[in-house]
There are 2 protein chains.
Amino acid sequence: FQTPEGETYWRLGDPRSLRRVMVRKYRGQVLVDIREYYRDAKTGEELPGRKGISLTMKQFRSLQTLLPDIEVALQQVSRND
Amino acid sequence: FQTPEGETYWRLGDPRSLRRVMVRKYRGQVLVDIREYYRDAKTGEELPGRKGISLTMKQFRSLQTLLPDIEVALQQVSRND
């Protein structure tokens with residue numbers, strides 16, 4: 001998807017999800033924003049909410065590098081059922 | 001790293017970063033929490049801050065699937081310098 005501002009985003013989880021990953025540029029810095037939107041009751045427009053975090057490229061790369069470790073932790077936590 | 005509560009976490013970006021990815025279980029649901037911590041002025045302890053989001057497994061899997069698309073968007077945004 002593209003926002004009117006030319007940012008690219010995707011919905012997380014399912015096609016109607018209000019949680020988005022967005023790639024955007026803010027003050028010259030490329031950011032990966034993971035954020036929950038909410039639907040404005042009056043306009044029906046989706047607006048960015050309080051819950052979320054903007055990762056810098058460095059932090060996003062770090063997250064990518066950690067994926068195999070995160071996977072191991074997920075398996076462990078899931079096993080402890 | 002392990003928290004005293006047995007949650008596993010990693011620091012994002014650099015070893016002193018206050019931003020963490022954490023795998024934890026909350027009310028029987030496995031969550032991947034990406035959150036900014038802050039240092040308590042009195043105790044020096046790191047505490048979870050307002051900025052952040054807890055992804056469900058489904059949302060985290062969705063994020064993983066989107067990584068190649070995110071990569072393309074990052075290249076595009078970075079080129080527009």
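The values are calculated or read from the model by the stated rules, or taken from the named source; none is laboratory data. Predicted, not measured: the structure shown is a model, and the values here were computed from it. Because the Cβ atoms are built from the backbone with ideal geometry, glycine has one as well, and the counts that use them run over all protein chains shown. Areas reflect the complete protein model, heavy atoms only, side chains present, ligands, DNA and RNA absent. Shrake-Rupley method; radii C 1.70, N 1.55, O 1.52, S 1.80 Å.
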Residues of the range A:12-48 being open to solvent by 90 Å² or more (accessible area, probe 1.4 Å) and within 12 Å of chain B (Cβ to nearest Cβ), in sequence order, are A:P15, A:Y26, A:Q29
So which pairs qualify, if the first residue must be in the range A:1-16 and at pLDDT below 90 and among the aromatic types (F, W, Y), the second must be surrounded by 12 or more Cβ atoms within 10 Å (Cβ to Cβ) and assigned to a loop (DSSP other than H, G, I, E, B), the Cβ gap must be under 8 Å, and the two must be at least 6 apart or on different chains?
none
Within the range A:63-70, does at least one residue satisfy the condition of being modelled with pLDDT of 90 or more, open to solvent by 20 Å² or more (accessible area, probe 1.4 Å), at the interface with chain B (Cβ under 9 Å from one of its Cβ atoms) and within 11 Å of the chain's Cα centre (by Cα)?
no
If we scan the range A:53-69, do we find a residue that is among the acidic types (D, E) and farther than 23 Å from B:T3 by Cα?
no
Output for the range A:1-11, where each listed residue is open to solvent by less than 80 Å² (accessible area, probe 1.4 Å) and under 14 Å from the mean Cα position of the chain (by Cα):
A:E7, A:T8, A:Y9, A:W10, A:R11
